[in-house]
Amino acid sequence: MTHNIKSAIAIACVLSFVANINDVGASNGHQTSIDKDEIVVTAKGLQSLGDIINTAHVFTEQDIIAAQAKSIPALLERIGGISISDSGGRGSTTGVFVRGISSSQTIVLIDGVRVGSATLGAAALNSYPIEALERIEVLKGPFSGVYGADAVGGVIQLFTKKGENAEKVISASVGSDSLSEASVALGFGDERNSLHISAQREETDGIDRTSILTGANNDEDAFEETAFSLGGKLSLGDKTVARLNVLATDSTVEFDNLFGNGAGNQTENETLSTALNVTHRFNDRVRWSTTLGFNEDEAITSSSFPSSFVTNRDSLGTEVEIQATDATIITAGLDYYEEDIESSNDFPVTNRDNTAIFAQLQTRAGALGLVASLRSDDNSAYGSETNGSIAIGYELSDGLRANASYGTAFVAPSFNFLYFPFFGNPDILPEESENVEISLAGSVGATTWRIAAYHTDVENLFSFNPNTFLAANIGEAELQGLEVQVQTQVSDWSLGLQADVLDAENKVTGDQLDDRPESTLSLNASRDFGALKLGFDLRAETGRVDRGGTEIAGFGLFDISAVYNVSDNVSILANLDNIFDKDYTVNLASSTDRFNTEGRQAKVTLRYSF
């Protein structure tokens, strides 16, 4: 708790300084990537990034390219309030925590389609190639009132490329640990009709994933992935648009045997996400949209304990958006999905379905804005759940707004918790949560900032009952924190700050929850020097525990990236991560061993566009 108090004071001082900055923007009008008028699709109701009441973050395609992040989790970690816990380098199992809420408690969408394993209850974000994306949106807070199960921490939506700019790109990369990457992306068409086809290939020798040296574990653990994506848009007249997006991945990741013996441990993962959307605008005030989705997630593990798990999820969602007045938008819809699993284990039940109805109201009256949602889910496995949220924003003055929100959410029990042989409990209940958030957001000249405080209670946590040896709802968690986000221009420099403090506690034992740092800080600076753009990033954290309270030392990492435009068509991208070769830990493999992390990492990319 002492760490939290000191961090909160530091954040308050930074915010006080930033709030008093007076028009530090450059005279040449150079801007950051933030566009206040940009619509946040995931929030529904045509909410712009500047007006949205809930805390939201957006990475555009330009942001993704400039960041040169090695993976989606690595990019998301640059957002304040998001931390990750990987299991030893590229391709390893990686947990993404949004305000301390785990991966299984945060929904992941690709082009509007729910993805992930129904047995594990989470999506493997590390399995999707970041090169295939044109946009990432992150909404923080409870969104079960719109999206149903698993939206306690929020929503992460990935948008694959559509090809609307008709750009064609060929790129090749080399880097540390024998890294090699190649990609080809072909775009055709315009804003009305377009087609995008791309393929990516990545190979790396990787690092030794754990500190375990016995058996055959003292080796490098490789990763390789091949990915294919297809995106298309077809305008059917002036009022109807059809979109098709397909993302397929095939990867193999080697890992160590935590029991110290055995070689040849690897998992083969295949994923397929397909979204077919048809949107029709009846007039200027009524829009109808329907999305048909297919998702497949397959994991086959070869080890001392071989296994195979396959999830097939079919979904259909339809919604109507009505602009009742110039200040009021009503969105209502139906949502259905069916999940089927196949496994090397004998699950007594392998199918379930979910039917839901939801509505959202977005309205404004003068300086007051309101967004309210309500959704009812009926699941064949665990019954009915009704959740909702309400968010209010008030413009205190020009460029200063106060926000407050309350919401409930739930997490569906996975097939493992329900039906895994000799462990599953078909009577287990969904996890349930309540969340309260207050925030203050403003802009002064070229500076935008937001400070948010939140409190989340989670009940019916999934756990293991030592008396029955079955899954059970045991325990409660309380998570409360403070976040600060600042972006500004100083002379020709774009500067950003993301910081947060978190108190995540097991309410039954009073212990800090594992894998969640108490405080994190991210600083970034970038500047264009004509054809050259440089970026500097600092990430630091402290107060992380694992394995039931074992303290993990804090650390700071410094990265540098550069983009040099040789010509209008040729660019060279380079980055050097962890430049001081810091040896640090984020995840323990046992009470005596850890999952290793990557040291200094270099990568150079040649990019040709035409």
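The values are calculated or read from the model by the stated rules, or taken from the named source; none is laboratory data. Since this is a predicted model, take the numbers as computed values, not measurements. Here the Cβ is made from the backbone with ideal geometry for all residues, glycine too, and neighbour counts use every protein chain on show. Areas reflect the complete protein model, heavy atoms only, side chains present, ligands, DNA and RNA absent. Shrake-Rupley method; radii C 1.70, N 1.55, O 1.52, S 1.80 Å.
Do we have residue 353 as in a strand (DSSP E or B), surrounded by fewer than 20 Cβ atoms within 10 Å (Cβ to Cβ) and not aromatic (Phe, Trp, Tyr) here?
Yes; evaluated as a whole, the condition is true for this residue.
Which of the residues spanning region 493-512 are farther than 16 Å from residue 97 by Cβ and either touching a Pro at 6+ places or on another chain (Cβ under 7 Å) or open to solvent by 50 Å² or more (accessible area, probe 1.4 Å) (or both)?
Scanning region 493-512 gives 493, 495, 507, 508, 509, 511.
Answer yes or no: is there a residue in region 69-79 that is crowded, with 24+ Cβ neighbours inside 10 Å and out of contact with any Leu (no Cβ under 6 Å at 6 or more places or on another chain).
Among the residues of region 69-79, not one is crowded, with 24+ Cβ neighbours inside 10 Å and out of contact with any Leu (no Cβ under 6 Å at 6 or more places or on another chain), which makes the answer no.
For region 360-373, give me the residue count where each residue is surrounded by fewer than 19 Cβ atoms within 10 Å (Cβ to Cβ) and touching a Gly at 6+ places or on another chain (Cβ under 8 Å).
Here the count works out to 4.
For residues that are open to solvent by less than 60 Å² (accessible area, probe 1.4 Å) and touching a Leu at 6+ places or on another chain (Cβ under 8 Å), tally how many sit in region 198-227.
Residues meeting the conditions: 6.
Contact list please: Cβ distance under 9 Å, first residue in region 555-582 and among the basic types (Lys, Arg), second residue open to solvent by 30 Å² or more (accessible area, probe 1.4 Å) and part of a loop (DSSP other than H, G, I, E, B), pairs at least six apart or on different chains.
Going by the 9 Å Cβ cut-off, the qualifying pairs are 582/600.
Could you figure out which of (1) in a strand (DSSP E or B); (2) acidic (Asp, Glu); (3) closer than 25 Å to residue 599 by Cα isn't true of residue 503?
(3)
Which of the residues belonging to region 253-279 are open to solvent by 30 Å² or more (accessible area, probe 1.4 Å) and over 21 Å from the mean Cα position of the chain (by Cα)?
254, 255, 258, 259, 261, 262, 263, 264, 266, 268, 276, 278
Identify, please: which residue in region 522-553 is closer than 16 Å to residue 504 by Cβ and over 23 Å from the mean Cα position of the chain (by Cα) and is, among those, modelled with the lowest pLDDT?
Residue satisfying both the conditions and the ranking: 548.
Just give me the residues in region 202-218 being of a type outside the set (Val, Ile, Thr) and either under 18 Å from residue 132 (Cα atoms) or touching a residue at least 40 places away in the same chain (Cβ under 8 Å) (or both), in sequence order. Break it down into steps so the answer makes sense when it comes.
Of all residues in region 202-218, those of a type outside the set (Val, Ile, Thr) come to 202-203, 205-206, 208-209, 211, 213, 215-218.
The answer is 202, 203, 206, 208, 209, 211, 215, 216, 217.
Only one residue in 428, 451 is touching a Leu at 6+ places or on another chain (Cβ under 9 Å), among the aliphatic types (A, V, I, L, M), modelled with pLDDT of 95 or more and part of a loop (DSSP other than H, G, I, E, B), so which one is that?
On the way: 451 fails: part of a loop (DSSP other than H, G, I, E, B).
The unique qualifying residue is 428.
When you scan region 40-58, do you find a residue that is at pLDDT 90 or above, farther than 30 Å from residue 326 by Cβ and of a type in the set (A, V, I, L, M, F, W, C), even just one?
no
Condition first: open to solvent by 20 Å² or more (accessible area, probe 1.4 Å) and among the polar types (S, T, N, Q). Now tell me which residues in region 127-170 satisfy that.
Hit for region 127-170 is 165, nothing else.
Test each condition in (1) under 14 Å from the mean Cα position of the chain (by Cα); (2) of a type outside the set (Phe, Trp, Tyr); (3) open to solvent by 10 Å² or more (accessible area, probe 1.4 Å) for residue 39 and report the one that comes out false.
For residue 39, the failing item is (1).
Quick check on residue 515: is it open to solvent by 60 Å² or more (accessible area, probe 1.4 Å), of a type in the set (Asp, Glu) and outside any strand (DSSP E or B)?
Working: open to solvent by 60 Å² or more (accessible area, probe 1.4 Å): no; of a type in the set (Asp, Glu): yes; outside any strand (DSSP E or B): yes.
Judged against the criteria, residue 515 is not a match.
May I ask you to say which residue of 421, 426 is within 30 Å of residue 468 (Cα to Cα), open to solvent by 30 Å² or more (accessible area, probe 1.4 Å) and in contact with a helix residue (DSSP H, G or I) (Cβ under 9 Å, 6 or more places away or on another chain)? Spell out the reasoning first.
Working: 421 fails: in contact with a helix residue (DSSP H, G or I) (Cβ under 9 Å, 6 or more places away or on another chain).
None of the others qualify; the one that does is 426.
Name the strands (runs of 3 or more DSSP E) wholly within region 525-610 that hold at least 2 residues that are within 24 Å of residue 66 (Cβ to Cβ)?
532-542, 555-565, 570-577, 601-609
Show the residue pairs meeting these rules: Cβ distance below 7 Å; 6+ apart or different chains; first residue within region 391-408 and at pLDDT below 95; second residue open to solvent by less than 50 Å² (accessible area, probe 1.4 Å).
Within 7 Å, the pairs are 399/442; 399/443; 399/444.
From the list 556, 535, exactly one residue is surrounded by fewer than 20 Cβ atoms within 10 Å (Cβ to Cβ) and under 19 Å from residue 97 (Cα atoms). Which is it? It would help to see each step written out before you state the result.
Working: 535 fails: under 19 Å from residue 97 (Cα atoms).
That would be 556, the only listed residue that is surrounded by fewer than 20 Cβ atoms within 10 Å (Cβ to Cβ) and under 19 Å from residue 97 (Cα atoms).
Just to be sure, is residue 469 at positive phi and of a type in the set (A, V, I, L, M, F, W, C)?
Numbers: at positive phi: yes; of a type in the set (A, V, I, L, M, F, W, C): yes.
For residue 469, the condition - at positive phi and of a type in the set (A, V, I, L, M, F, W, C) - is met.
For the subset of region 401-414 comprising residues that are within 21 Å of residue 452 (Cβ to Cβ) and touching a helix residue (DSSP H, G or I) at 6+ places or on another chain (Cβ under 9 Å), which member is surrounded by the fewest Cβ atoms within 10 Å (Cβ to Cβ)?
408
Name every residue in region 235-271 that is among the acidic types (Asp, Glu), in contact (Cβ under 8 Å) with a residue 24 or more places away in the chain and not in a strand (DSSP E or B), in order of residue number.
256
List, please: which pairs have Cβ atoms under 9 Å, are six or more places apart or on different chains, and start with a residue in region 350-378 that is modelled with pLDDT of 95 or more and end with one that is open to solvent by 40 Å² or more (accessible area, probe 1.4 Å) and among the basic types (Lys, Arg)?
Correct list of pairs: 370/364.
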